[in-house]
1. Look at Ile174 and say whether it is of a type in the set (Val, Ile, Thr), surrounded by 14 or more Cβ atoms within 10 Å (Cβ to Cβ), within 24 Å of Ser23 (Cα to Cα) and at pLDDT 95 or above.
2. Take the conditions within 15 Å of the ligand (Cβ to nearest atom) and touching a residue at least 60 places away in the same chain (Cβ under 8 Å) and apply them to Ser23. Does it pass?
3. Given the criterion under 16 Å from Asp184 (Cα atoms) and more than 14 Å from the chain's Cα centre (by Cα), identify the matching residue among Lys36, Lys75.
4. In segment 35-51, which residue that is touching a residue at least 12 places away in the same chain (Cβ under 8 Å) and surrounded by fewer than 22 Cβ atoms within 10 Å (Cβ to Cβ) is farthest from the ligand (Cβ to nearest atom)?
5. In segment 16-32, what count of residues is obtained for those that are assigned to a loop (DSSP other than H, G, I, E, B) and surrounded by fewer than 17 Cβ atoms within 10 Å (Cβ to Cβ)?
6. Considering (1) under 18 Å from the mean Cα position of the chain (by Cα); (2) surrounded by fewer than 19 Cβ atoms within 10 Å (Cβ to Cβ); (3) part of a loop (DSSP other than H, G, I, E, B); (4) more than 12 Å from the ligand (Cβ to nearest atom), say which one Lys130 fails and leave the rest.
7. Considering every residue within segment 62-85, establish whether at least one is within 12 Å of the ligand (Cβ to nearest atom) and outside the structural domain of Glu168 (by TED's automatic domain parsing).
8. I need the full set of residues from segment 33-66 which are in a loop (DSSP other than H, G, I, E, B), in contact with a strand residue (DSSP E or B) (Cβ under 7 Å, 6 or more places away or on another chain) and small (Gly, Ala, Ser), in order please.
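The values are calculated or read from the model by the stated rules, or taken from the named source; none is laboratory data. Just so it is clear, the model here is predicted, and its values are computed rather than measured. So basically every Cβ, Gly included, is an ideal-geometry build from the backbone, and we count neighbours across all protein chains shown.
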Amino acid sequence: MEQYPGKKNTAVFISGRGSNLKSLIKHSKKKNSLIKIILVISNNEDAEGLKYASRSKIKIYGIKNKSNFENKSLKLLKKYNIDLVCLAGFMKILSGNFIKKFSKPILNIHPSLLPKYKGLNTHERAIKNKDRFAGASIHKVTEKLDSGKVILQKKVKILKSDDVRSLEKKVLKIEHEIYPKAVDKFLTNL
Ligand code: GRF
């Protein structure tokens, strides 16, 4: 198993575009980053992010079968000696059993200023409620959806001219900026 002294073997779970995966891969290539991305798993075999990962010579697995997604993933996490899982645009909810069995840290990025707006349609809700700010949060994954300890979050002003699309674009930029920072911050304080 390829080990990079000091770098944690990391797996990233995705479901689609993988723009957060891209920023994590770019970060992992930096000498002083604390992660080495070894594995990318998607519940969608056609996920765009899988293509990007494979071009970066990272092991990729698309597991579309819902019933054995978790068992197959657990086997792969063990096989590749993974220390940390990062969920990045991953649209499935992992079971408590999976979290317990993996037993090492799982992080997720959520496009809201948690604890506000857990779940879906975060930007729509923020606009509808005339919030002044939106943002993104990286948090530890626990059995309760979007409720784990927040590691890092960053906010952005919601302008009168913003709609869901423009806000999503602004927040996505923040996501790409803070996920790598959050991973290193989390691992430094381990
Ligand atoms: C992002 O908005 C992220 O916050 C959410 O999924 C969306 C897509 O992410 N979790 P990506 O481009 O697939 O990383």
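1. So Ile174 fits the description; yes.
2. Details: within 15 Å of the ligand (Cβ to nearest atom): yes; touching a residue at least 60 places away in the same chain (Cβ under 8 Å): yes.
So Ser23 fits the description; yes.
3. Only one candidate qualifies: Lys36.
4. Just the residues of segment 35-51 that are touching a residue at least 12 places away in the same chain (Cβ under 8 Å), to begin with: 35-50.
So of that shortlist, the ones also surrounded by fewer than 22 Cβ atoms within 10 Å (Cβ to Cβ) come out as 36, 43-46, 48.
Numbers: Lys36: 19, Asn43: 12, Asn44: 10, Glu45: 15, Asp46: 13, Glu48: 8 Å.
So, considering only residues that are touching a residue at least 12 places away in the same chain (Cβ under 8 Å) and surrounded by fewer than 22 Cβ atoms within 10 Å (Cβ to Cβ), the one farthest from the ligand (Cβ to nearest atom) is Lys36.
5. Just the residues of segment 16-32 that are assigned to a loop (DSSP other than H, G, I, E, B), to begin with: 16-18, 29-32.
Then drop every residue that is not surrounded by fewer than 17 Cβ atoms within 10 Å (Cβ to Cβ), which leaves 17, 29-32.
The qualifying residues number 5.
6. Result: Lys130 passes all but (1).
7. We begin by selecting, within segment 62-85, every residue within 12 Å of the ligand (Cβ to nearest atom); these are none.
Within segment 62-85, none of the residues are within 12 Å of the ligand (Cβ to nearest atom) and outside the structural domain of Glu168 (by TED's automatic domain parsing).
8. The answer is Ala47, and nothing else.
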